[in-house]
Amino acid sequence: MALVIGVVRHEVVLTLLGIGGLAGFFYGVVSLFWVSWGMPAELNALHWRILPEETDEAHPPQWVLTWTDEKKIKKVGFPGITKRYHLVLASRDGRSIEVYASLPREKEETRDLPFPTRPRGAYEIKKEELVIYDFLGFWELAFPKRKGESAPALLVRPLAREVAFSPPFVVGGIRRRESKTVQKTEDLTDHRPYVPGDDPRRINWKLYGHSRELFVRKEETEPPPQSEYVLLLDTYADPSLYSTEAMWSRTDRLVYAALGLGRELLEHRGSLLMGYSGGALQMVQKNELSYYLAFPYGQREGQDLPVPPPDKGVFLFALPRRSVEATALTALLTRCQSPVQLIFVCGSPAEETLARDCQQYYAPHQRMAHVSFLTF
């Protein structure tokens, strides 16, 4: 437009400005498409990894970019044409980590990976592409990389928080083996009856020959007792109550409360059954607890909760909600054959008031053993 006006009015400045803009436009088009010719091969030669792939909320990992073909490092580009590697990692509840970085100038470069405000979660690759554009902003081309497996590329575990909470243990417990010591051998060594899980190599076969019963030496460690507790997280966040940020915050509070109670339950027990909305029940050991709790995510439409086995003590963490009837929590209470202790996790006194309204609905249920509130 400036070129046309300059020529018509015989204005030198506008004419030169128009010629410069037109030249820049064509330069950008030609150089951009020339550079883009080799982009697929260049994209395939560039690989990345996150170190470590599993971390916690306080320690952001690093992003390592590596060229598999060193010839690509010295590839001549065009002045004014910029290349950027664009990577987006996202959790299932919308938390994201985005990197928009220049290509490495060495065979391998390490850079810091930016953390969101609330980083806990399991992150998968949402977008991975190589972007090129001209300095005037006329053109931009993106070359996406083909997605591979959907396994989490980064796992951010929750950190333990100080939560003043001690629910009443009115149900559940552990099966303890109350076995008396016996002295039936010539050297009077104390023994206890064999139980499934003991190492068969430690059976006293000589004593078995006399008594026809299996015994192991008492000083040998018993296998850990089997927990009768199940810990569930209902991660449904009522959209009429919680914004996206609030949903992340309240889901994290559920996780922190579950982490504290889970550590207490596992302190003297070998394992614990755990589950969350949309997931299956899983046996969790003490050293696996924070790893497992990286996976629960906030949900706008609550998925079904896994139904615990009968005769278990169930702790169920949930958020207050306005609608209580057509929810996964109500469906679980209908199908569950075990007593349930429901703990509403609240972020404010107003939420606790709403939780007490929910209590009036859930408390009379035949499977409800206790309803409590945790505000922090």
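The values are calculated or read from the model by the stated rules, or taken from the named source; none is laboratory data. Just so we're clear, the structure is a prediction, and the values are computed from it rather than from any experiment. Neighbour counts are summed over all protein chains in view; Cβ atoms, including those assigned to glycine, are modelled from backbone coordinates with ideal geometry.
Descriptive notes on the structure:
- Identification of strands (runs of 3 or more DSSP E) wholly contained in segment 84-153 with 2 or more residues that are within 25 Å of residue 57 (Cβ to Cβ) and among the acidic types (Asp, Glu) yields 121-134.
- Answer residue from segment 281-302, given it is assigned to a strand (DSSP E or B) and touching a Phe, Trp or Tyr at 6+ places or on another chain (Cβ under 6 Å) and is modelled with the highest pLDDT among those: 299
- Matching entry among 316, 332, 273, 305 (being assigned to a helix (DSSP H, G or I) and out of contact with any His (no Cβ under 7 Å at 6 or more places or on another chain)): 332
Condition check ((1) crowded, with 16+ Cβ neighbours inside 10 Å; (2) modelled with pLDDT under 95; (3) outside the structural domain of residue 303 (by TED's automatic domain parsing)) across all residues:
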site: 203; (1), (2), (3): yes, yes, yes
site: 212; (1), (2), (3): no, yes, yes
site: 215; (1), (2), (3): yes, yes, yes
site: 218; (1), (2), (3): no, yes, yes
site: 236; (1), (2), (3): yes, no, no
site: 240; (1), (2), (3): no, yes, no
site: 247; (1), (2), (3): yes, no, no
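- Test for residue 344: is it in a strand (DSSP E or B), touching an Asp or Glu at 6+ places or on another chain (Cβ under 9 Å) and surrounded by 15 or more Cβ atoms within 10 Å (Cβ to Cβ): yes
- Total residues in segment 292-341, condition among the hydroxyl-bearing types (Ser, Thr, Tyr) and exposed (fewer than 14 other Cβ atoms within 10 Å of the Cβ): 2
- Among the candidates 73, 97, the residue that is surrounded by fewer than 17 Cβ atoms within 10 Å (Cβ to Cβ) and either under 24 Å from residue 133 (Cβ atoms) or at pLDDT 90 or above (or both) is uniquely 73.
- Residue pairs meeting the criteria (Cβ under 8 Å; at least 6 apart or on separate chains; first farther than 22 Å from residue 327 by Cα and assigned by TED's automatic domain parsing to the domain that holds residue 327, in segment 271-288; second part of a strand (DSSP E or B) and of a type in the set (Ser, Thr, Tyr)): 271/227; 272/227; 272/229; 273/227; 273/229
- First in segment 35-49 and surrounded by fewer than 18 Cβ atoms within 10 Å (Cβ to Cβ) and among the basic types (Lys, Arg), second anywhere and modelled with pLDDT of 70 or more and not in a helix (DSSP H, G or I), Cβ under 7 Å, 6 or more apart: 49/64
Yes/no per residue for (1) touching a helix residue (DSSP H, G or I) at 6+ places or on another chain (Cβ under 9 Å); (2) within 15 Å of residue 261 (Cβ to Cβ):
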residue	(1), (2)
321	yes, no
334	no, no
338	no, no
341	no, yes
363	no, no
375	yes, no
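- Scanning segment 338-376 for residues that are of a type in the set (Gly, Ala, Ser) and over 17 Å from residue 254 (Cβ atoms) yields a total of 4.
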